[in-house]
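As structure tokens, the structure follows; a few thoughts come after it.
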There are 2 protein chains.
Amino acid sequence: MSPSADVSAASLPTSGSQGHTTRNTNPYQPVGDFLSNVSRFKIIESTLREGEQFANAFFDTETKIKIARALDDFGVDYIELTSPAASEQSRQDCEAICKLGLKAKILTHVRCTMADAKIAVETGVDGLDVVIGTSHMLREFSHGKDMEYITKSAIEVINFVKSKGLEVRFSSEDSFRSDLVDLLALYRTVDKVGVNRVGIADTVGCASPRQVYDLVRTLRGVVSCDIEVHMHNDTGCAISNAFCALEAGATHVDVSVLGIGERNGITPLGGLMARMIVQDREYVTKKYKLHKLKEIEDMVAEAVQVNTPFNNYITGFCAFTHKAGIHAKAILNNPSTYEIIDPADFGMTRYVHFASRLTGWNAVKTRVGQLGLAMSDDQVKLVTSKIKALADVRPIAIDDADSIIRSFHLTLEKNGELSTNGDAPVEAQPEVAAN
Amino acid sequence: MSPSADVSAASLPTSGSQGHTTRNTNPYQPVGDFLSNVSRFKIIESTLREGEQFANAFFDTETKIKIARALDDFGVDYIELTSPAASEQSRQDCEAICKLGLKAKILTHVRCTMADAKIAVETGVDGLDVVIGTSHMLREFSHGKDMEYITKSAIEVINFVKSKGLEVRFSSEDSFRSDLVDLLALYRTVDKVGVNRVGIADTVGCASPRQVYDLVRTLRGVVSCDIEVHMHNDTGCAISNAFCALEAGATHVDVSVLGIGERNGITPLGGLMARMIVQDREYVTKKYKLHKLKEIEDMVAEAVQVNTPFNNYITGFCAFTHKAGIHAKAILNNPSTYEIIDPADFGMTRYVHFASRLTGWNAVKTRVGQLGLAMSDDQVKLVTSKIKALADVRPIAIDDADSIIRSFHLTLEKNGELSTNGDAPVEAQPEVAAN
């Protein structure tokens, strides 16, 4: 599924930066928004915590260390690890990763209990991500505690972690099905106690973008600490919700490689990069080693034995493949017409399909050039109609199309018709409309 | 990658409707919004148009008919087909599908030219989706026309299609990089001419949810006709953007099966269903045959030779898999704690992993019951610690866990310790925190 395996496509060189300077061209200047952190967000990478809850995940120590090093090299701000209270090996792995001396801060994610916190602070982590369910559902069916008990525990645990000189985040769980007033009261309390961050979690993936914006914006007015968001993707909004949270003043986004986590997972690292580079290319390209993305995704995909989805953001085999004739034509004129992301920023390349019934003569013309052949535009149009006729009958590979082009070229050569432009005009081949 | 192949998970019966009546439980009543069409949206299914532009797609006539029939049976409102001007076979296929007598209305998607429109109206379709690029980028690098020319063509084509008694939609292309004033003027003009729908297309996948909401809301005040949206997924917002468009007054959403289309595609049918069922379960379950979703996705995945992504909405192999002990425990008490969608609505089932180091004793207790064995809670806690100890060393399959349980049970039986509750209290096994 790698681009190089895509044999029925013609690889075209990606343009230099010049071709993309107008990529984001929009007739309007963005309206300034003092709340927005889209140009100064931080990443909390949770492949080694949320990702370990993915159905297929079993990370041995060596794999964990390899992943942690790769994420650190990529430039993530924080790496979050499974609770050392989960198992003895989890605790040892946590200690081992803390000893690597990574640039990224190391966090571990624990329940809001003194027992868990005490184990965690001894591992050498830079901080604790503390969590407790606050929704009616979780209070009734999970831990059975009331808000008074939750608040009391939170204060105790936060004070303890701070007394050890570590960073501490306090998050509710299932925040979007929690009572808003209870939630805000709890966040205000922990903010006053001196928590470093509060977290909002869409634990079941039910939140929608404008709902997220509203809650974060409201919370922004209640607390002075940082705000972290953790978004599950059950209903397809994990990237959008993270983005809207940043627009509303959130500061930190939880991600995992390929989004792996409970059920179908959370905001994916690559997907967030795709979204954010469109928003602020300079911030994203300077801060993160984007050309390492595919390598990291491949590493994690192999570790959890899944294939990278065919339609994965940026690294999916077709993310920069153009097929409809009208697309191919414009892309050849200026890549920004149908690409909002420059594949070169991620070390990827674009492909323009020409071996299909939807092809246009501009794409074929490029292929003719790649084969080192010379033809007039009218001749290219004629051979395009031959390719489309075959593609109408059966799927054709690049070899088939190349054969047609070469055979046509040979005939022209024999007849002494090469490189002339005086042929009778050939009607332009129809190009399929696309939006 | 089907759920039935997931051997290291314990299948639990899905609850009846009773377990999920409180699924959406939120302490707040939704605030009414007269703009919103989330409870009365329509689907324009474009697997046979946008989907045909997917890199791997080659649909022969038989496959097209099979897909069209399946989509019709599912209950989509419209089926959109590739332009009959694209190739002779495309034209014939269009005619063949029109003759099937489906309940869904059949549309074809053409460039805004009289030549294309004339071919299209003869195929027997119910309507034409007309499109032209309006952004500065496309005007300069694709078709080279100015707004005056675009407006003139639009009026001519719309009047022609209406004169044939067919439905007509007019869409801009790359709407979010088009001049807003030009765009609104154009839409107002075509609305006055009597177009049935106007379309907004995020052709390059650059739009963000609140931006979409604002544009659709503005447009809602300018035109009286229906509003359709077409959202590409390059930056992960295709589902969110469609949803926010509906909230702002859009009426129709373009989708394709698995989201296949140019590059990494558009809003997926299944993903939209996941989003909308959370919003209005009654509307979605009454209108669409949701239990057919997996069958349709499998059919299309096979036709374009891709695997369903591991993390696909609803039908991905892990969409309803629960792993962390704290999740498993709550899910066993009430599935709505960690599921916003009832898998049974889609004919799917949930899985609770227990063979991992993150397991908890509640999940193991369920497995003990499934094996037909009887143990006290304290005994279950003891065997849980044995399972976690092995899972710490290597990945374990369900067989491994079952062996441990059976062997433990045998020892208890030999020692005459079965079904007693008077053992010395065993400390509860830690459960991993999760959000």
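Worth a mention:
- Rounded to the nearest 10 degrees, the inclination of helix B:398-414 to the longest alpha-carbon principal axis of chain B is 20 degrees.
- Isotropically averaged projected area of chain A, using the convex hull of Cα atoms (one quarter of hull area), nm²: 24.0
- Database remark: amide H of A:Glu167 closer than 5 angstrom to the amide H of A:Gly127, A:Leu128 (H placed geometrically; neighbours at sequence offset of 5 or more, or on other chains; Pro and chain starts carry no H).
- Inter-copy label distances at B:Ala389 (7 Å, Cα→Cβ; nm, one decimal): 7.6
- Gain on full stretching of the segment that runs from A:Ala185 to A:Glu413 - 0.36 nm per residue minus C-alpha separation: 73.9 nm
- Cross-link partners of B:Lys162 among lysines, defined as those whose alpha carbon lies under 19 angstrom from its own and excluding same-chain residues fewer than eight positions apart: B:Lys105, B:Lys118, B:Lys152, B:Lys192.
- Protein-protein interface of the stretch A:234-270, residues with accessible area decrease of at least 40 Å², isolated chain reference, 1.4 Å probe: A:Asp234, A:Thr235, A:Gly236, A:Ser240, A:Glu262, A:Arg263, A:Asn264
- Based on DSSP H segments of at least four residues, each scored -39500 (n - 2.57), chain B has a per-residue ellipticity at 222 nm of -12500 deg cm²/dmol.
- With the convex hull drawn around the C-alpha atoms of the stretch A:230-289, the volume per residue stands at 75 Å³.
- Choice from A:His109, A:His409, A:His327 showing the highest fluctuation, given a GNM over chain A with Cα pairs closer than 10 Å: A:His409
- For A:Leu81, the amide hydrogen comes within under 5 Å of the amide hydrogens of A:Leu107, A:Thr108, A:His109, counting only partners 5 or more places away or on other chains and with H modelled in the peptide plane.
- Karplus-derived 3J(HN,Hα), 6.51/-1.76/1.60, for each residue of the stretch B:162-169, Hz, glycine and proline x: 5, 5, 8, x, 9, 6, 9, 10
- In this structure the amide hydrogen of A:Gly133, modeled in the peptide plane, comes within under 5 Å of the amide hydrogens of A:Glu173, none closer than 5 places in sequence on its chain.
- Taking all protein chains as they are arranged and a probe of 1.4 Å, the heavy atoms of A:Glu122 leave approximately 120 Å² accessible to solvent.
- Buried area at the B:A interface is about 9600 square angstrom, summed over both chains, from accessible surfaces computed with a 1.4 angstrom probe.
- Kirkwood Rh, Cα atoms: Rg over Rh of the stretch B:106-164: 1.00
- If the convex hull is drawn through the Cα atoms of the stretch A:71-215, its volume per residue in Å³: 122
- Note on the stretch B:142-278: Kirkwood radius taken over Cα pairs, Stokes-Einstein applied at 4 °C and 1.567 mPa s, translational D equal to 85 µm² s⁻¹.
- Cα-based reach from A:Lys294 at 22 Å (exclusive), listing lysines while leaving out same-chain residues under 8 positions away: A:Lys42, A:Lys64, A:Lys66, A:Lys103, A:Lys286
- Label distances, nm, A:Asp377 versus same residue in remaining copies, Cβ-directed 7 Å point: 8.1
- Fraction of antiparallel bridges per DSSP, the protein assembly as shown only, in percent to nearest 5: 10
- Residue mean of other protein chain beta carbons inside 10 Å, A:172-180: 4
- Residues of type lysines that B:Lys365 reaches as a straight line, Cα spacing below 21 Å, ignoring anything fewer than 8 places off in the same chain: B:Lys323, B:Lys329, B:Lys381, B:Lys386, B:Lys388, B:Lys414
- On Cα atoms only, tilt of B:61-74 relative to the major axis of chain B in degrees: 70
- Distance between the C-alpha centres of the stretch A:389-404 and the stretch B:283-303: 32 Å, rounded to the whole angstrom.
- Accessible carbon and sulfur surface of chain B relative to its total accessible area, %, 1.4 Å: 49
- Note that the stretch A:273-287 has calculated 3J(HN,Hα) couplings of 4, 4, 5, 6, 5, 5, 7, 8, 4, 5, 4, 5, 6, 6, 8 Hz, one per residue in order, obtained from phi through the Karplus relation 6.51 cos²θ - 1.76 cosθ + 1.60 (θ = phi - 60°); glycine and proline are x.
- By DSSP, the beta bridges lying fully in chain B are antiparallel in about 10 percent of cases.
- Take A:Asp73, push a point 7 Å out from Cα through the beta-carbon direction, and compare it with the same point in every other copy: 5.0 nm, smallest first.
- For chain B, the longest principal axis of the C-alpha atoms and the axis of helix B:88-98 are separated by about 70°.
- Around the Cα centre of chain B, unit charges on the Cβ atoms of Lys, Arg, Asp and Glu (plus for the first two, minus for the last two) sum to a dipole of about 620 debye.
- One decimal place: the segment A:Phe34-A:Ile155 gains 40.5 nm when fully extended, by the rule 0.36 nm per residue minus the C-alpha distance.
- Calculated over the stretch A:259-358, the projected area of the Cα convex hull averaged across directions stands at 7.5 nm².
- Each of B:Phe54, B:Met348, B:Asn233 was scored by the projection of its Cα onto the charge dipole of the protein assembly as shown, and the greatest displacement toward the positive side belongs to B:Asn233; charges sit on the C-beta of Lys, Arg, Asp and Glu.
- √(5λ) per eigenvalue of the Cα gyration tensor, the protein assembly as shown, largest first, Å: 50, 28, 27
- Solvent exposure of the protein assembly as shown amounts to 34 Å² per residue of accessible area, where only protein heavy atoms count and the probe is 1.4 Å.
- FRET efficiency estimate (nearest 0.05) - Cβ-Cβ, A:Lys66 to A:Asp146, R0 56 angstrom: 0.80
The values are calculated or read from the model by the stated rules, or taken from the named source; none is laboratory data. For clarity, every value in this text was computed on a predicted model and none was experimentally measured. Don't worry about glycine lacking a Cβ; one is built from the backbone with ideal geometry, like all the others, and counts go over all protein chains shown. Surface accessibility is based on the protein's heavy atoms, side chains included, excluding ligands, DNA and RNA. Shrake-Rupley method; radii C 1.70, N 1.55, O 1.52, S 1.80 Å.
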